[in-house]
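**Student:** Can you keep this structure in mind? I'll have questions shortly.
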There are 2 protein chains.
Amino acid sequence: MSKRPLIKIAKTAGFCFGVKRAVKLANEAPAKYSGCSISTLGPIIHNPQVVNQLAGKGVKPIGLDSIPDSGVAIVRSHGITRKLARKLDERSALKLVDATCPFVRRAQKIVAEMSRAGYQVIIIGEPEHPEVTGLISYGEPANTRVVSSVEDIPGDFFSSRKPSRIALLAQTTQSQQIYNEIAAALLTIKGELRCFNTICTATSDRQSEALQLAKECDCMIIIGGRNSANTNRLYELSRKCQADSYHIETVDELNPDWFADKQTIGISAGASTPQWLIDEVVRKLENGN
Amino acid sequence: MSKRPLIKIAKTAGFCFGVKRAVKLANEAPAKYSGCSISTLGPIIHNPQVVNQLAGKGVKPIGLDSIPDSGVAIVRSHGITRKLARKLDERSALKLVDATCPFVRRAQKIVAEMSRAGYQVIIIGEPEHPEVTGLISYGEPANTRVVSSVEDIPGDFFSSRKPSRIALLAQTTQSQQIYNEIAAALLTIKGELRCFNTICTATSDRQSEALQLAKECDCMIIIGGRNSANTNRLYELSRKCQADSYHIETVDELNPDWFADKQTIGISAGASTPQWLIDEVVRKLENGN
């Protein structure tokens, strides 16, 4: 049997501040509002295992088009649209628990303020991601848009000789590299470019550490929901430095063939991956493949 | 005798809007204020030949420490410090003609507003240049600084985990490349980076065209005052693409050896170079060396 590989776990792997807070609020809800029907508006975080655990306690995700008239509704960490927030406000018998990540809330406020002040607001993110559909709803449709790459920026932004006023921000879990690329492209525009680096520190630290680990190790395991955008990005970043990178949701997906002849295995996990899922993977690796 | 080289003159060579305006105001002053003593606070533009011409008409530059109590004083295109502007305001018998470039005036206002609003204001420029000493004077000393390169930015700007609010702008004749480099370095800072691209269109267009010409031609002549920062920058840019680049102030400095065996000669000139100086150089080149 070959020598056990050295396992290096990223210090920044797993739950960020906003996710910890959201999961804590959801876990506390059954005791706090006993007797009430408790639901989360969409999955509370992008991790099926955590969502299943909560469902077992009676906290179940519901679709955004089937809001109940009463009971308790938990707004998930990604936040919701302005329209939905207003609709919820109107339901006087419905108790709201707002688990929107404070960093997402800050980004929503920036969109609202900048759009109202007449800036062209550019949000860097994935158009279909719930955080992003929330963010864009806080701006005026006429001057607020989502871009995923430099190519998505309308050409007349660059060709105009008239000074423009642009406000740039990002989905809180965006990659710093894409943010830098898009901001750099906009720098040549005449006028004002107001960049809000809304990428949360936990995200940028997690990305930097994963990149570093990917360079040092022979193999990388990224743990997290397949529906988790930040986990997918972490995997993509890792793969750039280390071809032997794997994205798994749970320990059952580990394949011993991946580790044959490997000296060091690096591990990181997305912002919505609970510690117990990471621990299970580490335990399995430590006990041999 | 060898075949005459083809001469390509940059469309953007010479006087920009602000310089044209300043020289016009200075030329009109003797007729408008006949009988008055007329002076410019420092050289009206950074071109000794133009300054000499004006001196012949009685419009002479004076030192900033020897402001007269009466007569007419012309504020040069680069603008002046806030302190000097206040001092001049107090001399009720002194008539002021403000030839500050409107783009410089706009940059001064940005410094004042951003500094007052509590931003860390960063001006990209040459610390000793009169436009820059003017610009910095409009900010509070505690939060306004001049940088010439990324290395000039204090390290704690990057290491701080606390979100910062930074306002970035540039001397109007800065190179777009340096502006982009410094802005790009600041993008990773948490918080807000408010970039004002105060580089005037004439400057960036002149730089782009000179670079293009330098690539196309066998030799480049950059005409302009040796004390003209934007001319020096134009020369530096040209030299990067074309080793046979020369900076001259007047036609007398042309050296026939430079053009032996050259097929094409490119010509550009700084923002403070008058058309007649450019014409003299072109005439001499066209009539053979």
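**Student:** From the set of residues in the stretch A:42-80 that are in contact with a Cys (Cβ under 6 Å, 6 or more places away or on another chain) and of a type outside the set (S, T, Y), which is surrounded by the fewest Cβ atoms within 10 Å (Cβ to Cβ)? Please lay out each step first, then the result.
**Tutor:** Step one: list which residues in the stretch A:42-80 are in contact with a Cys (Cβ under 6 Å, 6 or more places away or on another chain), which gives A:71-72, A:77.
From what's left, of a type outside the set (S, T, Y): A:71-72.
On the way: A:G71: 15, A:V72: 19.
Out of the qualifying residues, it is A:G71.
**Student:** What number of residues within the stretch B:1-41 are of a type in the set (G, A, S), at negative phi and surrounded by fewer than 16 Cβ atoms within 10 Å (Cβ to Cβ)?
**Tutor:** Going residue by residue through the stretch B:1-41, those that are of a type in the set (G, A, S) are B:2, B:10, B:13-14, B:18, B:22, B:26, B:29, B:31, B:34-35, B:37, B:39.
Okay, now just the ones that are also at negative phi, so B:2, B:10, B:13, B:18, B:22, B:26, B:29, B:31, B:34, B:37, B:39.
Now drop any that are not surrounded by fewer than 16 Cβ atoms within 10 Å (Cβ to Cβ), which leaves B:2, B:31, B:34, B:37.
Adding up the residues that qualify gives 4.
**Student:** Turning to a different aspect of this structure: If you check every pair at least six apart or on different chains, which have Cβ atoms under 9 Å apart with a residue in the stretch A:186-197 that is within 7 Å of chain B (Cβ to nearest Cβ) first and a residue that is among the β-branched types (V, I, T) and assigned to a loop (DSSP other than H, G, I, E, B) second?
**Tutor:** Partner pairs satisfying both residue conditions: A:K190/B:I199; A:N197/B:T188; A:N197/B:I189.
**Student:** Another one. Examine the stretch A:143-155 for a residue that is touching a Gly at 6+ places or on another chain (Cβ under 6 Å), more than 9 Å from chain B (Cβ to nearest Cβ) and at pLDDT 95 or above, and state whether such a residue exists.
**Tutor:** First, the residues of the stretch A:143-155 that are touching a Gly at 6+ places or on another chain (Cβ under 6 Å): A:146.
Okay, now just the ones that are also more than 9 Å from chain B (Cβ to nearest Cβ), so A:146.
Next, only the ones that are at pLDDT 95 or above stay: A:146.
Checked against the condition, which is being touching a Gly at 6+ places or on another chain (Cβ under 6 Å), more than 9 Å from chain B (Cβ to nearest Cβ) and at pLDDT 95 or above, the stretch A:143-155 yields at least one hit.
**Student:** A further question on this structure: In the stretch B:29-66, what residues are charged (D, E, K, R) and either over 24 Å from B:W276 (Cα atoms) or out of contact with any strand residue (DSSP E or B) (no Cβ under 9 Å at 6 or more places or on another chain) (or both)? If you could, list the steps in order and put the result at the bottom.
**Tutor:** Of the stretch B:29-66, the ones charged (D, E, K, R) are B:32, B:57, B:60, B:65.
Passing the criteria: B:K32, B:D65.
**Student:** Every residue in the stretch A:128-160 that is surrounded by 14 or more Cβ atoms within 10 Å (Cβ to Cβ), in a loop (DSSP other than H, G, I, E, B) and within 21 Å of the chain's Cα centre (by Cα), please.
**Tutor:** Result: A:H129, A:Y138, A:G139, A:S148.
**Student:** Give me the residue from the stretch B:239-262 that is among the basic types (K, R) and in contact with a strand residue (DSSP E or B) (Cβ under 6 Å, 6 or more places away or on another chain) and, out of that set, farthest from B:E209 (Cα to Cα).
**Tutor:** Initial filter on the stretch B:239-262 (among the basic types (K, R)): B:239-240, B:262.
Okay, now just the ones that are also in contact with a strand residue (DSSP E or B) (Cβ under 6 Å, 6 or more places away or on another chain), so B:239, B:262.
Working: B:R239: 14, B:K262: 20 Å.
Only one residue fits best here, namely B:K262.
**Student:** Further question on the same structure: Within the stretch A:173-185, which residues are within 7 Å of chain B (Cβ to nearest Cβ) and over 20 Å from the mean Cα position of the chain (by Cα)?
**Tutor:** A:A183, A:A184
**Student:** Still on this model: With A:A214, A:A202, A:A229, A:A210 as the choices, which residue is more than 14 Å from chain B (Cβ to nearest Cβ), out of contact with any strand residue (DSSP E or B) (no Cβ under 7 Å at 6 or more places or on another chain) and farther than 30 Å from B:I110 by Cα? Walk me through it before giving the result.
**Tutor:** Working: A:A214 fails: out of contact with any strand residue (DSSP E or B) (no Cβ under 7 Å at 6 or more places or on another chain); A:A202 fails: more than 14 Å from chain B (Cβ to nearest Cβ); A:A210 fails: out of contact with any strand residue (DSSP E or B) (no Cβ under 7 Å at 6 or more places or on another chain).
From the options A:A214, A:A202, A:A229, A:A210, the qualifying one is A:A229.
The values are calculated or read from the model by the stated rules, or taken from the named source; none is laboratory data. Predicted, not measured: the structure shown is a model, and the values here were computed from it. Cβ: placed from backbone, ideal geometry, glycine included. Neighbour counts: every protein chain shown.
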